[in-house]
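**Q** Please find one structure pasted underneath; my questions will follow.
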Amino acid sequence: MIGAKGRRGSGTTQIPGTSGTTQIPGTSSVPTSVRPVVLKGIPGSHGLAMGPAVVMGAVSHSFVRRTIKHHEVDLEVSRFTEAVAHAQEGIRQVVERVQSSPARTETAILDAYVQMLGDELVAEAVERNIRINRQNAEWAVSNAIQELCDKFEDLEDPYLVERRHDVAFVGERLLRALTGGDKNTPLPRLTRPSIILAHDLSPADTAALVKEPVVAIITEVGTRTSHTSIMARALEIPAVVGVIDALSRIGTNDSVLVDGFRGEVTVSPTPAMIAEAEERSQRHIALVRNLREDRAKQAATADGVPVHLRANIEFPAEALLAVDHGAEGIGLYRTEFLYVDRASPPDEDEQYELYRAVIETVQPRPVTLRTFDIGGDKFVSTFQVPPEMNPALGLRAVRLALSRPDVFLNQLRAMVRASAHGDLRIMIPMIASLREFQEVRRLLGTAIREVDARGQKRAAHIPLGVMIEVPSAAVMADLFAREAEFLSLGTNDLVQYALAIDRTSRSLAYLASPFDPSILRLIQTVVSAVQKYPRPLSVCGAMASDPLAAVLLVGLGIRELSMEAAAVPEIKEALRRVALSEAIAVAQEALTQESAEDVERALAAAFAPRLFDLLADAFPEAQE
Ligand code: PEP
Ligand code: MG
């Protein structure tokens, strides 16, 4: 049925809210007389789904616009005045928390927001819209803010032009205060299987989807490696991200067909389109079911060279899914998702219990716990990190951890205690210099001593490894191979930082390719480093779950890949069909190419005919 996740196998996990029958959710309401509209986006998570859309997300997109009556004018003006006070109070509380925290970061920008909220120009414009144009408070605020943003846009000074983001932020705070959108109500309650459409989804919103009958996700922003896509793949929900104009083209209750293979969204699809999608969906489900039958076999190339395939997880519950898909343990547990949507970080005991549960689920296989990678596009409220111009280049991951040793030590102690229950490794994200690694190693030593002093159990040795995802770490990989016990290439960020392309940028997504020869050369540098100082080396970025890329990585010398659990059977099959010597030959050719397109062409020429059924959903022409 459409609505089942493409990679889902024998039906052990169902799309929330779907019955498992062959009925396509929502097809009965398809108006055949309406012309279909096809919108292009980026495939965020494989699979096909059909259903009614439900619009949610940024308040600025979803509040009610209403012309008010004369007697409502004063009421709307006072609603606005109260909203200003409420929004200012909210920001002041943030300022207080930041100032009383050990990090004591700069709060000037937040103070400026408080002032902007009370700005007379804004108040006058809003009041004018309410009293003269008879707009309700939300509408009046939205128009006033838009006018202000337009004025900033026209300025010559690039610094001032950038300030329009601050004005928009202030407008969003006001709208949230007016609509109550600042109370944690991320998702509407869904009464039937639906497709969620939003400008963007926070990690908390996406996590909340598990509890609702969501059959697919569409967002206006995002790329294949942004957090929404990563989580949709983990939840096995089809997703198309980066559909630029989705909110202006799709409304709540519109019938929508989501194609997470091609990255397409069709509004009001014709019966023929639905039938074609249904046919492809069935074909893919049959393929996945077949592949899962071999899930217990060791992954190896056609000539028997073993490759270890492990799973990336975001939630403890996924550990079972990893085992079920035949993964040899957890290669990356993104522990930052434990910090999502809560006022204070999870305490040591809570973390210990969760890590222990994951370890016990997958034992005797290994579990690699990554210390929290918060910041960048994974901003969560636990830490009041002041807004930065470039959050991806700011206080993120290990940098944030080292600025909050109290919180970091809490996590390290929980990990140390969990090591008593199985094969546990600790991995550090976003390391850019050896000093940072050495500082983390020192803190891990402190955590171990503290656990020992309490008489609590732990493993005799806990391997400490680094993610290689900042170009400086790739270039210095020999030093990291000398000092760290294992290395893991985070290609999502390596691409972002090496090519200087924000991984959430929709407009530059076409350039952010892991096939870029510069990325392949960085990977080669890291492979050479671990030949000099032998250390386990894996790839845990999204690249590992692409069949052609996986073959290429093996050709470059990688023998361990970590990916979303659902991709494991497919990648196992892809590797089984290619001999190591062929993979090496293509990898050598790839390293000499000029562009990502050339690399993809070389790979497709060598392997697409052999892997056509694994690639067919993404490239339907491969099957013709
Ligand atoms: C990566 O950057 O490739 C990675 C695996 O980490 P994340 O996607 O969580 O940043
Ligand atoms: Mg990363």
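**Q** Would you mention how many residues in the stretch 472-503 are within 15 Å of ligand 2 (Cβ to nearest atom) and touching a strand residue (DSSP E or B) at 6+ places or on another chain (Cβ under 9 Å)?
**A** Start the filter on the stretch 472-503 by keeping residues that are within 15 Å of ligand 2 (Cβ to nearest atom), which leaves 472-474, 487-499, 501-503.
Subset that is touching a strand residue (DSSP E or B) at 6+ places or on another chain (Cβ under 9 Å): 473-474, 487-491, 493-494.
Number of matching residues: 9.
**Q** If a residue must be in contact (Cβ under 8 Å) with a residue 60 or more places away in the chain and either under 23 Å from LYS572 (Cα atoms) or buried (at least 22 other Cβ atoms within 10 Å of the Cβ) (or both), how many such residues does the stretch 314-329 contain?
**A** 9
**Q** Which of the residues that make up the stretch 206-246 are of a type outside the set (Ser, Thr, Tyr), in contact with a Gly (Cβ under 8 Å, 6 or more places away or on another chain) and outside any loop (DSSP other than H, G, I, E, B)?
**A** Those that are of a type outside the set (Ser, Thr, Tyr), in contact with a Gly (Cβ under 8 Å, 6 or more places away or on another chain) and outside any loop (DSSP other than H, G, I, E, B): VAL214, VAL215, ALA216, ILE217, ILE218, ALA232, ARG233, ALA239, VAL240, VAL241, ALA246.
**Q** Hey, any hits in the stretch 515-527 for a residue that's in contact (Cβ under 8 Å) with a residue 24 or more places away in the chain, more than 16 Å from ligand 2 (Cβ to nearest atom), among the basic types (Lys, Arg) and in contact with a strand residue (DSSP E or B) (Cβ under 6 Å, 6 or more places away or on another chain)?
**A** Within the stretch 515-527 (the criterion being in contact (Cβ under 8 Å) with a residue 24 or more places away in the chain, more than 16 Å from ligand 2 (Cβ to nearest atom), among the basic types (Lys, Arg) and in contact with a strand residue (DSSP E or B) (Cβ under 6 Å, 6 or more places away or on another chain)), the answer is no, since none of the residues qualifies.
**Q** Can I ask one more? Any chance you could count how many residues in the stretch 441-485 are under 13 Å from ILE431 (Cα atoms) and in contact (Cβ under 8 Å) with a residue 60 or more places away in the chain?
**A** So the answer is 3.
**Q** Residues being in contact with a helix residue (DSSP H, G or I) (Cβ under 8 Å, 6 or more places away or on another chain), modelled with pLDDT of 85 or more and basic (Lys, Arg): count how many of those fall in the stretch 44-97.
**A** 1
**Q** Okay, next question. Quick one: is THR270 modelled with pLDDT of 95 or more and buried (at least 17 other Cβ atoms within 10 Å of the Cβ)?
**A** Spelling it out, it is not the case that THR270 is modelled with pLDDT of 95 or more and buried (at least 17 other Cβ atoms within 10 Å of the Cβ).
**Q** Turning to a different aspect of this structure: Can you find a residue that is within 24 Å of the chain's Cα centre (by Cα), of a type in the set (Gly, Ala, Ser), closer than 29 Å to GLN93 by Cβ and away from ligand 2 (no atom under 16 Å from the Cβ) anywhere in the stretch 357-377?
**A** No, every residue in the stretch 357-377 fails to be within 24 Å of the chain's Cα centre (by Cα), of a type in the set (Gly, Ala, Ser), closer than 29 Å to GLN93 by Cβ and away from ligand 2 (no atom under 16 Å from the Cβ).
**Q** Mind checking which helices (runs of 4 or more DSSP H) fall wholly inside the stretch 463-579 and carry at least 1 residues that are aromatic (Phe, Trp, Tyr), open to solvent by 10 Å² or more (accessible area, probe 1.4 Å) and within 13 Å of ligand 1 (Cβ to nearest atom)?
**A** Details: elements: 471-475, 477-483, 491-499, 517-532, 547-556, 568-576.
Output list reads 491-499.
**Q** Still on this structure, I have one more. Of the residues in the stretch 277-313, how many are in a helix (DSSP H, G or I), open to solvent by 50 Å² or more (accessible area, probe 1.4 Å) and in contact with a helix residue (DSSP H, G or I) (Cβ under 7 Å, 6 or more places away or on another chain)?
**A** Total satisfying the criteria: 0.
**Q** Then there is this: I'd like to know if the stretch 253-263 contains one or more residues that are farther than 25 Å from LEU511 by Cβ and in a loop (DSSP other than H, G, I, E, B).
**A** Yes, there is a match, as at least one residue in the stretch 253-263 is farther than 25 Å from LEU511 by Cβ and in a loop (DSSP other than H, G, I, E, B).
The values are calculated or read from the model by the stated rules, or taken from the named source; none is laboratory data. Everything numeric here is computed off the predicted structure, so don't read it as measured data. Reconstructed Cβ throughout: ideal geometry from the backbone, glycine too, with neighbour counts over all protein chains shown. Accessible surface areas use protein heavy atoms only, side chains included; no ligands, DNA or RNA. Shrake-Rupley method; radii C 1.70, N 1.55, O 1.52, S 1.80 Å.
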